[in-house]
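Undergrad: Okay, here's the structure, questions in a sec.
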Amino acid sequence: MNPKRKALAVAVAGTALGAAGLGLLAVPAGAGEAPELPPVGAQALVQSVLEADPPALAGTVAFDNQLGLPSMPGVPMLDMDSARVYYDGEGDSRIAVQDGNSEQTIVRDGNTVWMYDSATDTATKTDARSHHPREENPQGRMSDPAAAAADLVSDLRASSTVSVDGTARVAGRPAYELVLTPKPEERTLLREVRVAVDSESRLPLRLSVLTNGTTEPALQLGFTDIDFGAQPAELFEFTPPRGATVTEAEPDVEGARDAARAGEPRLVGEGWDAVLVGRVPADVLSGGEEDGNVRGMLDRLSTRVSGDWGSGQLVSTSIGTAILTDDGRFALGAVPQQVLTKALATR
Amino acid sequence: MTETLESAPPPSPAADGPSRAPLPRLLRAELRWIFRRPRTLVVLGLLAAIPVIIGVALTLVDSPGPPDGGGDGDGGSLVATAAGNALVLPIAALAMALGLLLPLTAAMVGGDALAGEQAHGTLRGWLLAPVSRGRLLFVKAFGVATFAVCAAGVMALTGIVTGLVINGTDALVSLSGTTLTFPEALLKVAIAAGWVSLQLWAVGAVALAISACTEHPMVVLASVLGGVVVFSVLQFLDALDWLHPFLLNASWQDLADVLRDPMPGGALAEGALRAACYIAIALSLAYARLSTKDG
């Protein structure tokens, strides 16, 4: 063969092979044709979600937000890249939240919850039993789309239109898309909330929040890959490594004191335009060592607003707004500003 | 380089057909040529010193654990964790050097392999010798790969030795807080070193491709380094996130994944596949250029 032509052939073949491989890598995982699934009613789907017990699984959860807020140090759920979730099907779980090159590991072994932070090399032990029943662990609830979506569905049925809108493929699994749309009289910034429910296990796989006027979800929390099946038991045990700082957290005391001082926040309104109104403990704002820059951070994020309810700072994001008044009250909700100020006025 | 000429058999009589030089001998000659150059040894020595320097510096500074919010800089956070952890030190050193230093050395060797030999006039010997061009490229790519393995291996080795000397064998803790046995830790470091070698080989293959097109090793070095810097800058531009999967260094930050337990393999496998794609493209282009080169 002519060496020139052979050279050309090799160059083209090799480049094509490599480029095809790179192109394959660039295709987002989980994309693909919407699967064909037998139709199911919204009512039945919601019920099966609420009834289903999450099976043993291992998966990766990715969190994606387009809120338009800068990343906030110390708010791990807003900062995190992704988390690996392991569940043994009987209440024990392991969540590894990946944040840059460090990792926060939360292991629930029976009634003990260990939190380990690799950046600071600290382990915190919490007795979950005295505090609240097992599903109420806030960390677990926020990181586990199963619990988050189940809560949402049951809460919102009163004020929303619930429908099943086609199917999707999430983390390689066929799923139903359950859509919650606010009823027309609800005054909210949100357009719809979509929950992708696995067609077999009925486990919510993905939760997306869409706002008016955008096509991309403002907030999305979902599995990027998931495997069902028994998990090795040693995943759900934790022994703090030598040299780590180990503390035993007393969950109740601190939280209860804060809550007592702050006054219990209350919900004004219901459904989509519910507004949470409460009082912020004074020392949070004036600044302990850790929270010293709360006001400073607020100043960067917020705009000044005032009205007959007083004056304060308004933080608006695509999915919600919040007002912190100068006298230490706060109001937040997935609503426009007017609804917040009205809620502040009805004290 | 004289060895190269000696070991490649003299232009043979017709009885001994073309491309019949025994491959092991060619490879041995190439390795001898690479590893007898003083600059190769100096570079390897410096790479070996990096983990030691990091380890000693971290011990001398003796910060009692990183302060809160120390997780801002990606490489920095790992280095901070390495202070009290024998397992993290070699990985942190590799992750840090993978940013610029290791690609630089791979580009240096890739540049010397073809352009450097051409600049000295010794490539002519190869091109005239009864060694097929494919075989020549194989020998050169093998040399670059061996250097990549040595570079990553020597860093990993001194890293783990330094970590063990400073922190002892019971400080092998993964980022997930699990304490590992020594063989488990060794396996993790070996995986990291192997993965880094593969990435380096990809850089070296690109350097070989450029090297085949020029006779100035400096051009190779400059263009590969320039490429690495440009790629790193592109990584920071969120607007170009569609482009990121095509960039070789897209998963270089994921090296820390080997420190997690259980180890998430997705990003690392993706990075390895990406490196393989770069190698396929670069070596095929290098072959095309080399096989049409006039002796």
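The values are calculated or read from the model by the stated rules, or taken from the named source; none is laboratory data. The model shown is predicted, which means the values in this text are computed figures rather than measured ones. Cβ: placed from backbone, ideal geometry, glycine included. Neighbour counts: every protein chain shown. Calculation scope for accessible area: heavy atoms of the full protein, side chains included, ligands and nucleic acids excluded. Shrake-Rupley method; radii C 1.70, N 1.55, O 1.52, S 1.80 Å.
Undergrad: Can you tell me which of A:215, A:188 is part of a loop (DSSP other than H, G, I, E, B) and either surrounded by 18 or more Cβ atoms within 10 Å (Cβ to Cβ) or in contact (Cβ under 8 Å) with a residue 12 or more places away in the chain (or both)?
TA: Matching residue, one of A:215, A:188: A:188.
Undergrad: Another one. Output the qualifying pairs, or none if there are none: Cβ atoms under 9 angstrom, residues six or more apart or on different chains, first residue in the range A:223-248 and in the same structural domain as residue A:115 (by TED's automatic domain parsing) and part of a strand (DSSP E or B), second residue open to solvent by 70 Å² or more (accessible area, probe 1.4 Å) and modelled with pLDDT of 85 or more.
TA: Going by the 9 Å Cβ cut-off, the qualifying pairs are A:228/A:200.
Undergrad: Right, here's the next one. Just one of A:157, A:206 is charged (D, E, K, R) and at pLDDT 80 or above; which is it?
TA: Of the residues listed, the single one that is charged (D, E, K, R) and at pLDDT 80 or above is A:206.
Undergrad: Mind checking which strands (runs of 3 or more DSSP E) fall wholly inside the range A:297-339 and carry at least 3 residues that are of a type outside the set (A, V, I, L, M, F, W, C)?
TA: Output list reads A:303-307, A:310-316.
Undergrad: Now, a different point. If you check residue A:290 against the conditions, is it surrounded by fewer than 17 Cβ atoms within 10 Å (Cβ to Cβ) and modelled with pLDDT of 75 or more?
TA: Judged against the criteria, residue A:290 is not a match.
Undergrad: Still on this structure, I have one more. Consider the range B:247-279. How many of its residues are closer than 27 Å to residue A:6 by Cα and either more than 9 Å from every other protein chain (Cβ to nearest Cβ) or open to solvent by 30 Å² or more (accessible area, probe 1.4 Å) (or both)?
TA: Within the range B:247-279, residues that are closer than 27 Å to residue A:6 by Cα and either more than 9 Å from every other protein chain (Cβ to nearest Cβ) or open to solvent by 30 Å² or more (accessible area, probe 1.4 Å) (or both) number 4.
Undergrad: OK, next. Is it the case that some residue within the range B:85-104 is buried (at least 22 other Cβ atoms within 10 Å of the Cβ) and of a type in the set (S, T, N, Q)?
TA: yes
Undergrad: Taking the residues in the range B:280-295 that are assigned to a helix (DSSP H, G or I) and facing chain A (nearest Cβ under 7 Å) as candidates, determine which candidate is most open to solvent (accessible area, probe 1.4 Å).
TA: Filtering the range B:280-295 for residues that are assigned to a helix (DSSP H, G or I) and facing chain A (nearest Cβ under 7 Å), the one most open to solvent (accessible area, probe 1.4 Å) comes out as B:285.
Undergrad: State all residues of the range B:116-150 that are of a type in the set (A, V, I, L, M, F, W, C) and more than 22 Å from the chain's Cα centre (by Cα); if no residue qualifies, say none.
TA: Across the range B:116-150, the qualifying residues are B:119, B:123, B:126, B:127, B:128, B:129, B:131.
Undergrad: Given the options A:96, A:171, A:123, name the one that is at pLDDT below 85 and assigned by TED's automatic domain parsing to the domain that holds residue A:191.
TA: Result of the check over A:96, A:171, A:123: A:171.
Undergrad: Now a separate question. State the number of residues belonging to the range A:83-105 that are over 16 Å from residue B:81 (Cβ atoms), open to solvent by 20 Å² or more (accessible area, probe 1.4 Å) and at the interface with chain B (Cβ under 10 Å from one of its Cβ atoms).
TA: The number of residues fulfilling the criteria is 1.
Undergrad: Could you check how many residues of the range A:91-107 are over 19 Å from the mean Cα position of the chain (by Cα) and in contact (Cβ under 8 Å) with a residue 24 or more places away in the chain?
TA: Result for the range A:91-107: 2.
Undergrad: Could you go through the range B:208-225 and let me know if any residue there is part of a helix (DSSP H, G or I) and touching an Asp or Glu at 6+ places or on another chain (Cβ under 7 Å).
TA: Yes: one or more hits.
Undergrad: Now for a different question. For the range B:219-232, does any single residue satisfy the condition of being within 30 Å of residue A:83 (Cβ to Cβ) and touching a Pro at 6+ places or on another chain (Cβ under 9 Å)?
TA: no
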